[in-house]
Amino acid sequence: MPVRIESTDPPNTSSARDGSGTAIEAGWPPISRRHAMAFGLTGLGYLLVVVGILCDTTLVDLDWSFQQLQPYRRWPELEPYLDVWVVAGQRGPTAIAACLWLGWRSYRTGTARPLLVMGTALLLLNVTVGTVKIVTGRLGPHYAHYVGSPELFSGGNIFPSGHTANAVVTWGVLAYLATRGRRIGAVLAGATAVSIGLTTVYLGTHWLSDVLAGWAAGLLVLLALPPAEPLIAGLDARIARRRRGD
């Protein structure tokens, strides 16, 4: 799941001049072709999973194949450990812990940007994932009614996997904001998100396709952060001016 994201250093506000000598204010660089391609491919993958579920394709059969394996019964000795580990994907404890840490960083550095980036990411996550959950109304494996059914529009709320998407976003934002060891942080964030998703499949709380959609949904949020940086910088500047009483 790791992905290379453009630099998060503060925007260049130095002035340059065009050919006519007019001063130009330098801002955030345009999104690279690689970044745009990553966003497009991730979005396409997300769409394919959604369509695969809505159209009751072989992806649903794959979901049932994993569900009928019941790994939590085949390897019950792992369950106590994975019950604890899956908490690393729950929005409540992870978001609170991350925001406390980022709040401390904001205090030390005198900028609200770390908290604003996390807040933006969580807002995007809640809106996008929450909307799809409500629209699809999918039931989880433990509450499924019919073998082979995609269990859609039945009042559920497990597609895409919120655990998985939250793990991608929360740990991914921490790597995104890292000032040192960003590559190592991205790898660790990716490994955490992958393991959290697979853990939910082991526990039988999510279908495999829920997890695939959760990975894609979370990654789309991370990829949307660099284009949102000008807005975040503007909010940060407003907060700074209010602090100074300007």
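The values are calculated or read from the model by the stated rules, or taken from the named source; none is laboratory data. Bear in mind the structure is a predicted one, so any value in this text is a computation, not a measurement. Note: ideal-geometry Cβ built from the backbone for every residue, glycine included; neighbour counts use all protein chains shown.
Here are a few things to note about the model shown:
- Exactly one residue out of G181, G172, G214, G185 is under 20 Å from W101 (Cβ atoms), modelled with pLDDT of 95 or more and either out of contact with any strand residue (DSSP E or B) (no Cβ under 9 Å at 6 or more places or on another chain) or of a type in the set (V, I, T) (or both), and it is G172.
- The one condition from (1) part of a helix (DSSP H, G or I); (2) crowded, with 17+ Cβ neighbours inside 10 Å; (3) in contact (Cβ under 8 Å) with a residue 60 or more places away in the chain; (4) of a type outside the set (G, A, S) that T205 does not meet is (1).
- Here G218 fulfils each of the conditions (1) over 14 Å from the mean Cα position of the chain (by Cα); (2) crowded, with 24+ Cβ neighbours inside 10 Å apart from (1).
- Residues of the stretch 131-148 satisfying the condition of being loosely packed, with under 14 Cβ neighbours inside 10 Å and at pLDDT 95 or above: T131, I134, V135
- The set of residues from the stretch 105-122 being within 21 Å of A167 (Cα to Cα) and exposed (fewer than 14 other Cβ atoms within 10 Å of the Cβ) is empty.
- Residue in the stretch 55-74 that is nearest to L139 (Cα to Cα), counting only those that are of a type in the set (F, W, Y) and in contact with a helix residue (DSSP H, G or I) (Cβ under 8 Å, 6 or more places away or on another chain): F66
- Any hit, the stretch 218-228, residues being touching a Phe, Trp or Tyr at 6+ places or on another chain (Cβ under 9 Å), under 18 Å from A88 (Cβ atoms) and not aromatic (F, W, Y): yes
- The single condition from (1) out of contact with any Pro (no Cβ under 7 Å at 6 or more places or on another chain); (2) closer than 21 Å to V50 by Cβ that V129 fails is (1).
- Qualifying residue in the stretch 27-49 (condition: modelled with pLDDT under 85, within 18 Å of the chain's Cα centre (by Cα), surrounded by 15 or more Cβ atoms within 10 Å (Cβ to Cβ) and closer than 22 Å to A165 by Cα): no
- Test: residue in the stretch 52-62 that is over 20 Å from the mean Cα position of the chain (by Cα), among the acidic types (D, E) and modelled with pLDDT under 95: no
- The single condition from (1) touching a Leu at 6+ places or on another chain (Cβ under 7 Å); (2) on the phi > 0 side of the Ramachandran plot that G181 fails is (1).
- When the test is whether a residue is surrounded by fewer than 15 Cβ atoms within 10 Å (Cβ to Cβ) and under 20 Å from the mean Cα position of the chain (by Cα), I158 does not pass it.
- The set of residues in the stretch 161-195 being in a loop (DSSP other than H, G, I, E, B) and crowded, with 23+ Cβ neighbours inside 10 Å consists of S161 alone.
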